[in-house]
């Protein structure tokens with residue numbers, strides 16, 4: 001027995017290494033036995049039957065090992081944690097570390113050019129060829145229906161904070177020329193479209209000096225600066241007096257980054273400022289159950305509603321991309337009712353559901369202001385078109 005123990009001690013390092021290397025295999029077998037295969041992971045390739053099968057087998061087997069490696073998730077988390085804290089690197093090109101502690105959503109996918117989400121909203125961005133024709137058609141359709149919508153194009157973080165983007169992009173993002181300004185200056189853009197659009201790039205670059213618009217770790221906007229943007233839009237679009245009703249109470253809290261789902265093993269958070277609806281006497285509601293009158297709301301999900309009995313008796317309808325939900329409550333200071341609908345899931349609506357939704361949205365036009373709100377990356381690159389083209393109202397029949 002003593003001889004055996006001495007032998008084990010002499011080879012303890014070798015035994016430890018073998019055990020550590022064997023552990024992932026044992027974990028893989030434990031997970032595979034008795035569990036249904038995960039369709040999101042590479043399958044174990046079948047036994048090769050032909051020369052082509054033998055040729056393809058190594059890469060398929062490698063993919064299976066990569067996906068089923070025991071403890072894979074933990075190893076990925078550790079690797080991601082180390083890379084980020086040592087080198088400020090993310091495991092995906094979708095994120096990039098900027099300067100002065102700010103992080104950016106750098107790409108909207110993993111199969112696009114590096115910094116695609118930044119360059120398209122900065123100085124070299126060029127809107128899709130479909131953008132101007134659709135803006136003309138959209139405003140034409142609303143006006144033919146007797147409705148007067150306004151379009152707020154929100155500059156995104158790289159354009160508002162050019163000093164914080166990666167150094168090679170600072171000059172490009174500091175430019176006042178963007179895809180949006182080019183579209184607004186285009187002679188092809190109908191007057192009825194350009195006159196009803198607002199792109200507050202200069203204004204938001206000034207607002208950021210005193211109030212948060214984009215938390216350092218967020219892609220979407222949120223913060224006290226949204227109140228100032230809301231006030232600017234009311235002045236620009238509807239010449240509304242801004243001294244009606246008391247200012248909204250606010251609350252501060254720390255919130256996790258809205259892009260954390262893109263990586264595993266890194267925790268990013270920022271302090272944000274939002275309206276305190278209860279303290280402000282506003283009834284707020286978020287989610288599909290807020291609109292029992294219309295079935296489509298439960299499908300759209302990203303919807304919200306605010307009722308302020310102390311505000312002027314007027315309704316604001318906000319149709320937006322995902323940038324709408326954070327600014328919607330700030331408008332409740334100025335409207336008795338604010339109704340917000342995001343269009344990210346509008347393609348899931350049936351024709352009858354869409355018809356019902358349009359009837360609901362465009363009711364009571366005399367007492368309703370309509371605000372269409374998309375960030376620059378959505379407004380210029382077809383997200384606006386795809387989100388709203390099936391929501392355009394029908395023209396009012398001409399009286400004979």
Next item on the list: Could you grab me the full set of residues in the stretch 257-289 that are surrounded by fewer than 17 Cβ atoms within 10 Å (Cβ to Cβ), under 30 Å from residue 350 (Cα atoms) and over 19 Å from the mean Cα position of the chain (by Cα)?
Entry: 285, 289
Next item on the list: Sort out which residues of the stretch 212-256 are surrounded by fewer than 16 Cβ atoms within 10 Å (Cβ to Cβ), assigned to a loop (DSSP other than H, G, I, E, B) and either within 18 Å of the chain's Cα centre (by Cα) or touching a residue at least 24 places away in the same chain (Cβ under 8 Å) (or both), and write them in order of number.
Entry: 242, 244, 246, 247, 249
Next item on the list: Among the candidates 332, 296, single out the residue that is crowded, with 24+ Cβ neighbours inside 10 Å and in contact with a helix residue (DSSP H, G or I) (Cβ under 7 Å, 6 or more places away or on another chain).
Entry: 296
Next item on the list: Report the residue count in the stretch 194-211 for those that are in contact with a helix residue (DSSP H, G or I) (Cβ under 7 Å, 6 or more places away or on another chain) and part of a loop (DSSP other than H, G, I, E, B).
Entry: 5
Checklist line | Residues of the stretch 300-313 that turn out to be crowded, with 16+ Cβ neighbours inside 10 Å and at pLDDT 95 or above, as a count | finding: 8
Next item on the list: Consider residue 337 carefully, then state whether it is surrounded by fewer than 22 Cβ atoms within 10 Å (Cβ to Cβ) and either over 21 Å from the mean Cα position of the chain (by Cα) or at positive phi (or both).
Entry: yes
Item checked: Of all residues in the stretch 314-328 being surrounded by fewer than 21 Cβ atoms within 10 Å (Cβ to Cβ) and over 20 Å from the mean Cα position of the chain (by Cα), the one that is modelled with the lowest pLDDT -> 314
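The values are calculated or read from the model by the stated rules, or taken from the named source; none is laboratory data. Given the structure is predicted, the values throughout are model-derived calculations rather than measurements. A quick note on method: Cβ atoms are made from the backbone with ideal geometry, for glycine too, and the neighbour counts reach across all protein chains shown.
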